[in-house]
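I have a structure I would like to understand better, so I am pasting it below and will then ask my questions one at a time.
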């Protein structure tokens, strides 16, 4: 049944995005820049996951999203978390590898939204261009969405935070809003199967601007990993039917050995072993 639902979802997902991009292109490219069409697509994709696969989510902490410029820093485990929060975002901007902008239709949509391409091969020069573009976009009130670990990581995996977000924090002087979630348990990276269940997206209080870069990085890692551990325990307990990936099984076993006063299963401030 999971295989059948996964295949049906994949067909529905790609038909949905293809038809919307083709049919709505005349409207999208003639109207002033707006996220209305991408947000409607993201909301419909979330509904498809619920209807076909049986995977749903809820969001906690929407009150922590600032009204003005900010950096939104989510955990990155799945293709799902690249768009799932779009319906609740005001006017987000992403930094993406430039090759994505070469894709027909999809790349044109990203250019219309003034998303920011990065040439990873150019390194220093490219980063200076990215910083200038990002600063200009945030000056208009937009919010940058960037994944602190850079690439998708399996649930429970040892964290590897990149220093790019530290530089952005230092240069842009805006608050950073950490977001933790475990969609990788339901939409795994590099896999076709999709699994039913329910999970929470937890938006944490902002880390205000003004900290030294090294202090900010340590604060970000501590805050996100403690909250992520707590949510992993909670999500696994709420979905006992799931076959967990080895990284999640290993991390949950480690957390069982945490002393009672730091037990993340009952205290979101528990420490990572």
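The values are calculated or read from the model by the stated rules, or taken from the named source; none is laboratory data. Small disclaimer: the values here were computed from a predicted structure and weren't measured. Here Cβ is always computed from backbone atoms with ideal geometry, including for glycine, and neighbour counts include all displayed protein chains.
So which strands (runs of 3 or more DSSP E) stay within segment 62-133 end to end and still have 1 or more residues that are modelled with pLDDT of 90 or more, out of contact with any helix residue (DSSP H, G or I) (no Cβ under 9 Å at 6 or more places or on another chain) and surrounded by 15 or more Cβ atoms within 10 Å (Cβ to Cβ)?
70-74
Right, next: Any residue in segment 65-87 that's over 22 Å from residue 168 (Cα atoms): show its pairings with residues that are at pLDDT 95 or above and assigned to a loop (DSSP other than H, G, I, E, B) at Cβ separation under 6 Å, as long as the two are six or more apart or on different chains.
Taking only residues 6 or more apart or on different chains, the pairs are 78/187; 80/187.
Any chance you could count how many residues in segment 228-241 are crowded, with 16+ Cβ neighbours inside 10 Å and over 20 Å from the mean Cα position of the chain (by Cα)?
Qualifying residue count for the region: 1.
Sticking with this one: Looking at (1) part of a strand (DSSP E or B); (2) in contact with a helix residue (DSSP H, G or I) (Cβ under 8 Å, 6 or more places away or on another chain), which is the one condition that is false for residue 192?
Against the list (1) part of a strand (DSSP E or B); (2) in contact with a helix residue (DSSP H, G or I) (Cβ under 8 Å, 6 or more places away or on another chain), residue 192 comes up short only on (1).
Before we move on, is residue 155 modelled with pLDDT of 95 or more and not in a loop (DSSP other than H, G, I, E, B)?
no
Collect the residues in segment 136-152 that are in contact (Cβ under 8 Å) with a residue 60 or more places away in the chain and either more than 21 Å from residue 33 (Cα to Cα) or in a loop (DSSP other than H, G, I, E, B) (or both), keeping them in residue-number order.
Those that are in contact (Cβ under 8 Å) with a residue 60 or more places away in the chain and either more than 21 Å from residue 33 (Cα to Cα) or in a loop (DSSP other than H, G, I, E, B) (or both): 139, 141, 142, 146, 147, 148, 149, 150, 151, 152.
Out of the residues in segment 1-58 meeting the condition of being touching a strand residue (DSSP E or B) at 6+ places or on another chain (Cβ under 9 Å) and outside any helix (DSSP H, G or I), tell me which one is surrounded by the most Cβ atoms within 10 Å (Cβ to Cβ).
Residue satisfying both the conditions and the ranking: 55.
Quick check on segment 194-205: of everything there that is closer than 25 Å to residue 7 by Cα and either modelled with pLDDT under 95 or within 18 Å of the chain's Cα centre (by Cα) (or both), which residue is surrounded by the fewest Cβ atoms within 10 Å (Cβ to Cβ)?
198
Please determine whether any residue of segment 206-227 is closer than 26 Å to residue 3 by Cα, within 21 Å of the chain's Cα centre (by Cα) and either modelled with pLDDT of 95 or more or surrounded by fewer than 21 Cβ atoms within 10 Å (Cβ to Cβ) (or both).
Scanning segment 206-227 turns up no residue that is closer than 26 Å to residue 3 by Cα, within 21 Å of the chain's Cα centre (by Cα) and either modelled with pLDDT of 95 or more or surrounded by fewer than 21 Cβ atoms within 10 Å (Cβ to Cβ) (or both).
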